[in-house]
Structure formats: structure tokens, C-alpha cells
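Contents: one structure, followed by commentary.
The values are calculated or read from the model by the stated rules, or taken from the named source; none is laboratory data. Small disclaimer: the values here were computed from a predicted structure and weren't measured. Heads up, the Cβs are rebuilt from the backbone with ideal geometry, glycines too, and the neighbour counts pull from every protein chain shown. Accessible surface is based on the protein model in full, side chains and every heavy atom, while ligands, DNA and RNA are left aside. Shrake-Rupley method; radii C 1.70, N 1.55, O 1.52, S 1.80 Å.
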Amino acid sequence: LIVNALTASRFAAMGDEELSPSDKLKIAANFIAHAPPGQSQRVKETVDTLLDGVPIPPELMRKLHTTQYLGVKMDDDGRVVLLTPFGELPDGSFVDPVGNRSLIIDHFAEKCTGFGALPPDVEAALGASAAARGSVDKAMGEYAKNHLPGAAVTTYADASGTKLTCCMASLNASLSQYWAGSYRSSWTLDTSSGALEGSIKCLIHYFEDGNVQLDDGASFKASVDVSGDVGAALAKAVKAHEAPFMEKLEDIYLNLSKDLLGALRRRLPVTKQKFDWERAGTGGVAKLGKNLQEMAAK
């Protein structure tokens with residue numbers, strides 16, 4: 001992805017005029033918005049090269065992090081708080097529901113650099129929903145531990161304190177082995193009616209000698225019995241919806257090599273003959289290069 005991005009930008013700049021700074025920013029915004037999981041810093045470094053001195057707007061990194069539910073570790077207590085659209089405040093900071101505070105984020109360093117007070121209405125909503133949020137946080141934390149190791153959970157409340165949104169996200173990457181994957185979901189439960197809405201997003205990236213991505217997701221609507229333990233009821237409903245989705249992913253991987261990767265490449269060139277590397281090594285490549293140059297000159 002990064003190599004393709006740089007190549008495209010260089011070809012785009014090969015016209016009569018160099019790309020303007022605004023044009024470069026448009027290209028950069030697209031690259032950053034589509035950064036693969038766990039590779040935002042690598043994409044940023046590539047985009048810095050492309051922009052050649054034009055600073056990257058922090059807004060681009062903020063949008064990426066809220067879209068991908070970036071987890072930020074708190075230095076004071078070791079907790080991980082997710083940066084999501086549900087917790088974003090008008091001043092650009094993010095809600096830490098458990099710490100009852102706002103987080104000031106350096107989106108280039110991907111870390112929390114300070115804390116602030118919450119707006120009075122947000123603080124009141126968190127206070128009114130404390131018992132239900134605590135139940136959801138505990139139950140969903142256990143669910144994540146058992147079914148999505150390494151995932152972080154952050155639960156918010158709306159202005160009324162009756163509608164809870166639980167976000168869960170996990171990132172697993174081994175860039176030295178050329179793969180990375182992210183899984184994130186959000187579940188909004190109306191504790192007064194039991195109405196539940198959820199969404200899942202899964203993105204997996206393999207990039208050894210190529211660039212293959214699996215981008216999948218699903219949305220759900222259900223009704224939950226909230227007469228008892230709200231957290232346990234929500235975790236049960238989430239499991240019922242996520243289990244079939246995860247099974248589908250497993251089926252995709254079982255057939256990935258045979259059905260998908262085999263369709264992405266030819267077993268033989270269009271000539272139906274294997275390439276003669278020995279002949280190529282004795283001048284064939286040079287002759288091919290000369291022919292291509294002659295064709296380009298016509």
C-alpha cells in the first residue's frame with residue numbers, strides 16, 4: 001500500500017507542473033484514511049515524504065484514530081481507553097468514563113498528554129448511569145478476555161444516562177511477518193426499552209510481496225431483557241451475534257488459499273509456458289528492456 005501510494009504520487013507529479021500543496025494534502029488525506037491496521041505511523045512517514053515539508057493536519061490522524069478505535073494506555077493506572085466517535089468532545093479531547101475526565105491526545109505520538117474536566121452534562125450522564133455502566137464494563141471485559149484476547153472495552157452514556165454504548169477493539173499485528181489485523185465493534189443498549197443495535201468491523205492485511213486485505217463487517221438489531229443484570233444480558237446478546245460472524249471468518253480462512261488467492265494470480269503466464277530464467281540471465285532481460293524502451297519512444 002505504501003509503495004503503491006508513493007509510486008502513484010510520483011506519476012501524478014510527472015506532468016507539466018508539480019502538484020500543488022493542496023493537491024498533495026488531498027492525496028495524503030486519502031492515504032491516511034485508508035491506513036491498514038497497526039501501520040498508521042508507517043503511512044505517516046510515507047506521507048511526510050510525499051508532502052515534502054507540508055505539515056500533515058492533525059485532523060487527518062484524529063479521524064483515522066477515531067475510525068479505528070485506537071487504544072491509548074493511561075500512564076497513571078495502566079488502563080487502555082478507546083478513542084471513538086462516541087467519546088469525542090467538541091474541543092477535540094476524549095471521554096475517559098472510568099476516570100471521569102477528558103483526555104488530551106497527541107495524535108502524531110498516539111498517546112495521552114494530559115487530562116481535563118468533563119463538560120457538566122457529560123459528567124452528569126456518567127453519574128446517572130454509573131451502576132449500569134459498571135455492570136456492562138465488567139461483563140464485556142470478561143467477554144473480551146474469553147473471546148477476543150487483548151481487546152479493550154470502553155462504555156459511554158448518552159445525555160439521559162439511559163442509553164449505553166459499549167465499544168470493543170483489538171489490534172493484533174506482526175509487521176515483521178507482514179500481517180496485521182483489527183477487530184472492533186460497538187453496541188448501543190437502551191436500558192429503558194431493551195433495544196440493542198450493534199456493528200462489527202474486521203480488517204486484515206497481508207503484505208508480503210503484495211497487498212491483500214480482507215475487509216468485512218455486519219450490523220445487528222435485537223431486543224435484550226434488561227430486568228436483571230444489564231451487563232450479563234448485553235454480553236449474552238453480543239456473543240449470540242458475534243459467534244456466527246467469527247465462524248464465517250474462520251470459514252473464509254479455511255478456503256482462502258484455494259478459492260481466493262488462487263484466483264488472484266495465474267499459475268502460468270498468458271503464454272501458458274514457464275518463464276525461462278536461464279535464458280533471461282544470458283541477455284534476455286536486457287533485450288526485453290531495449291524493446292520496451294523502443295516501444296515507449298514511438
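Quick one: net charge around P55, please, counting Lys, Arg +1 and Asp, Glu -1 for every other residue with C-beta under 13 Å from its C-beta.
So the environment of P55 carries a net charge of -1.
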(request) For K221, list the aspartates and glutamates whose Cα falls under 17 Å from its own Cα; do not include residues on the same chain fewer than 8 positions away. (result) D190, E197, E242
(request) With the full set of protein chains in place, find how many percent of the accessible area of segment 15-67 is carbon and sulfur; take the probe as 1.4 Å. (result) 51
(request) Using θ = phi - 60° and the Karplus relation 6.51 cos²θ - 1.76 cosθ + 1.60, list the HN-Hα couplings for segment 237-254 in order, rounded to whole Hz, with x at every Gly or Pro. (result) 5, 4, 4, 4, 8, 7, 4, x, 5, 5, 5, 4, 4, 4, 4, 4, 5, 5
(request) Using a Förster distance of 51 angstrom, determine the FRET efficiency expected from the C-beta separation of D209 and N100, and round it to 0.05. (result) 0.55
(request) Find out how many positive minus negative residues lie around S176, taking Lys and Arg as positive, Asp and Glu as negative, among other residues whose Cβ is under 14 Å from that of S176. (result) 0
(message) Strictly greater than 13 Å: what percent of every Cα pair in segment 171-224 meets that?
(response) 65
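Could you give the length gained by full extension between Y178 and K221, i.e. 0.36 nm per residue of separation minus their alpha carbon distance, to one decimal place?
Taking Y178 through K221 to full extension adds about 11.9 nm, to one decimal.
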(message) Quick check: pseudo-label points 7 Å beyond the Cα along Cα→Cβ at S22 and K138, how many nm apart are they?
(response) 5.6
(message) Filter K26/K239; K63/K236; K163/K239 down to the pairs with a C-alpha to C-alpha distance above 29 Å, please.
(response) K26/K239; K63/K236
